[in-house]
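Readers should treat all values here as calculations from the given coordinates under stated rules, not as data from a laboratory. What you see is a predicted model, and the numbers here were worked out from it, not measured in a lab. FYI the Cβ positions are ideal-geometry reconstructions off the backbone, even for glycines, and counts take in every protein chain you see.
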């Protein structure tokens with residue numbers, strides 16, 4: 001018989017069961033984000049993988065998968081088409097992309113390389129020093145799609161180089177460093193932290209390698225940045241904000257403990273040499289990521305005056321039509337506060 005007392009007991013148990021159910025209810029579903037890198041899994045990508053391994057993405061309710069890329073330019077259409085929701089690519093190439101078609105569904109939302117690694121790398125024994133004018137009278141190897149080579153017309157003006165005295169030879173990415181190691185060219189265009197270490201691996205002594213970093217010789221641009229598909233961002237603003245917050249933590253972790261960063265990369269690419277990747281990461285942190293501007297202003301943001309001037313440089317190097325300004329390229333609305341973007 002169902003008495004008032006048994007009804008009361010049942011009600012109590014039911015209420016308790018509901019409360020207990022609330023306590024053990026599964027967490028809300030995570031938001032999936034497909035992310036494309038610019039290149040292979042190497043030392044400078046440590047911040048991305050530490051954001052996964054140290055739980056920063058998970059804490060923001062994100063399930064992030066990261067794929068390797070085939071260059072800083074190719075990441076742009078991957079994100080613009082929505083094949084990837086977010087990615088890592090060259091902001092200068094993005095400016096060119098949007099200048100050609102401002103309606104494309106892509107923007108930059110966080111700068112990673114506050115100074116780009118665009119460089120001319122030479123050999124002192126072949127006559128190229130850290131003076132930009134030392135390339136005059138020399139032969140430089142240039143892969144046509146290379147991001148550093150793309151800035152050559154503007155760098156010539158910024159550094160006062162007599163372009164008529166320089167021979168440019170088109171070369172492929174795989175043979176770029178071997179050709180310099182063998183003396184077939186006097187210098188090459190490339191990313192500093194890639195080409196310098198690749199030359200060492202080819203047997204070129206460290207004290208014979210010279211590096212002309214364009215950013216330190218008059219061409220003050222931004223480099224690789226986090227790219228967002230604008231349709232995805234508008235539909236998932238909290239996911240994008242969470243991604244950038246988590247990524248700032250990941251890069252802070254890579255600065256604080258580069259050995260852990262290298263270990264995180266090597267978990268995904270076991271053929272790497274840990275010592276080389278540590279040196280590559282240290283170079284990227286020192287030259288491109290933890291710059292004086294970032295130390296003062298935090299990781300990820302921009303100086304609008306610098307981006308405006310960058311667009312002027314790109315009118316020379318990339319033949320821009322002038323169809324876009326800083327606000328058409330960079331959306332700062334998803335960035336976490338400055339205090340959450342400071343590097344140790």
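For the chain, give me the percentage of DSSP beta bridges that are antiparallel, rounded to the nearest 5 percent. Each step should come with its number before you reach the end.
Working: 20 of 35 bridges.
That works out to approximately 55 percent antiparallel.
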Gain upon complete extension [residue 306, residue 105; 0.36 nm per residue less C-alpha separation]: 70.0 nm
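Out of every Cα-Cα pair in the range 236-282, what percent are more than 12 Å apart? Could you put the intermediate results ahead of the total?
Working: 702 of 1081 pairs.
So the pairs more than 12 Å apart make up 65 percent of the total in the range 236-282.
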Two-decimal log10 I(q)/I(0) for the range 61-210, as the Debye equation yields it once each C-alpha is a single scatterer, q = 0.12, 0.18, 0.19 Å⁻¹: -0.58, -1.06, -1.13
Ascending count of other beta-carbon atoms within 10 Å, so fewest first, for 119, 164: 164, 119
Fraction of beta bridges assigned by DSSP in the range 118-216 that are antiparallel (%, nearest 5): 60
Cα long-axis angle, helix 91-100 against the chain (0 to 90 degrees, to the nearest 10): 90
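Taking the beta-carbon count within 10 Å as an exposure proxy, list 134, 225 from fewest neighbours to most.
Details: 134 20, 225 28.
Lowest to highest Cβ neighbour count: 134, 225.
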Fraction of alpha-carbon pairs over 23 Å apart in the range 259-344 - percent: 47
Cα→Cβ-extended label distance, 7 Å offset, between residue 268 and residue 40, nm: 1.4
Inter-label distance, nm, simple model (7 Å from Cα along the C-beta direction), residue 338/residue 59: 2.3
Degrees, to the nearest 10: 304-317 long Cα axis against longest axis of the chain: 50
Which of 291, 129 has the fewest Cβ neighbours within 10 Å, and the rest in rising order: 129, 291
Where the Cα pairs of the range 155-233 fall when distances are cut into 10 Å bins, in %: 14, 38, 32, 11, 5
Crossing angle, helix 4-24 versus the chain [Cα axis fit, 0-90 degrees, rounded to tens]: 0
Approximate spin-label separation residue 293-residue 202, in nm, with each point projected 7 Å along Cα-to-Cβ: 3.1
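With a cut-off of 8 Å between alpha carbons and a minimum separation of six or more residues, what is the relative contact order of the range 52-158 in percent?
Numbers: 54 pairs, mean separation 18.7, N = 107.
So the answer I get is 17 percent.
Using the Cα atoms of the chain to build a convex hull, what is its mean projected area in square nanometres? Before the final figure, lay out the partial values.
On the way: hull surface 87.6 nm².
With the hull built on Cα positions only, its mean projection is 21.9 nm².
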